[in-house]
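Here the structure comes first, spelled out in structure tokens, and everything after it is commentary.
The values are calculated or read from the model by the stated rules, or taken from the named source; none is laboratory data. Everything numeric in this text was worked out from a predicted model, so none of it was measured. Because the Cβ atoms are built from the backbone with ideal geometry, glycine has one as well, and the counts that use them run over all protein chains shown. Accessible surface is based on the protein model in full, side chains and every heavy atom, while ligands, DNA and RNA are left aside. Shrake-Rupley method; radii C 1.70, N 1.55, O 1.52, S 1.80 Å.
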Amino acid sequence: RIDSGESSLYFLPFRGSERNLRGGAQPVTAFQAPASIKKENGYFWLSAVLNEKQPKQEREAKSLLILVDTSSSMRWEKLERTHEALEYFLRHLTNEDEFLLLLFHQEVKPFGATPVRAIPENIDRALDFFKSQYLMGGTDFQKAFEEAFRHSAQLQNRERYLVTITDGNPTLTELQSRKLVDFFQKTNPKLRAFSFGIGSDTNRNLLAELASRSNGYFDWATEI
């Protein structure tokens, strides 16, 4: 990223055929006198940096419910990528934001009873909570959504998001992607879904549709 406090413009015209004015392999500019009265077509180089500093705008505080898949399918390299993704989301929050971390497999285990402010101490505790848990069982998306939506009533900020970190492969309760998407859309209390898929076997269709139905965002990464 270019760090410039103000915009700048650079303009340099050329007459390429003025051979007798070329010295030391330097280009001939239109600011020099022509070698003859003959008018010749030329060309120019124009470059600009448009990067004026704008007044800093206050960002509205956000509330995040973060669902992290800790089922058996998330082992090995997937688990490492999951931790990286979780830490990325948490470290990019401000002190005014709030979050609640919920780990899910066949059950749902919340980090706490209520959302907490995204201060460094709470973020460190949430990451330690994630690292202290064991992977087990299957993946129950419907139960995870139900629990997350139940906690949404505790959120304090107007901007509310549901962040899901998973491979997107349900194995319990509702298994069909279409029915899961319909369930999500009907019961979602106006949370924007940010779906982040982990692994080469990610169910991209499901996660992308969840994001699309809530005006959210979908992305994914492989294990490596």
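Taking the range 201-224, which residues are closer than 20 Å to Arg160 by Cβ, in a strand (DSSP E or B) and not aromatic (Phe, Trp, Tyr)? The answer is Asp219, and nothing else.
Name the single residue that is least open to solvent (accessible area, probe 1.4 Å) among those in the range 141-161 being outside any helix (DSSP H, G or I) and among the polar types (S, T, N, Q).
This residue is Asn157.
When each of Ala113, Ala85 is tested for being open to solvent by 50 Å² or more (accessible area, probe 1.4 Å) and among the small types (Gly, Ala, Ser), the lone residue that passes is Ala113. Within the range 104-128, the set of residues being among the polar types (S, T, N, Q) and either part of a loop (DSSP other than H, G, I, E, B) or over 25 Å from the mean Cα position of the chain (by Cα) (or both) comprises Gln106, Thr114. Within the bounds of the range 129-140, is there any residue that is of a type in the set (A, V, I, L, M, F, W, C), part of a loop (DSSP other than H, G, I, E, B), closer than 28 Å to Gly199 by Cα and open to solvent by less than 30 Å² (accessible area, probe 1.4 Å)? Looking for residues that are of a type in the set (A, V, I, L, M, F, W, C), part of a loop (DSSP other than H, G, I, E, B), closer than 28 Å to Gly199 by Cα and open to solvent by less than 30 Å² (accessible area, probe 1.4 Å), one finds none in the range 129-140, hence no.
In the range 162-187, the residues that are closer than 18 Å to Leu103 by Cα and open to solvent by less than 50 Å² (accessible area, probe 1.4 Å) reach residues that are assigned to a strand (DSSP E or B) and charged (D, E, K, R) with C-beta atoms within less than 6 angstrom, at least six apart or across chains, in these pairs: Thr166/Asp69.
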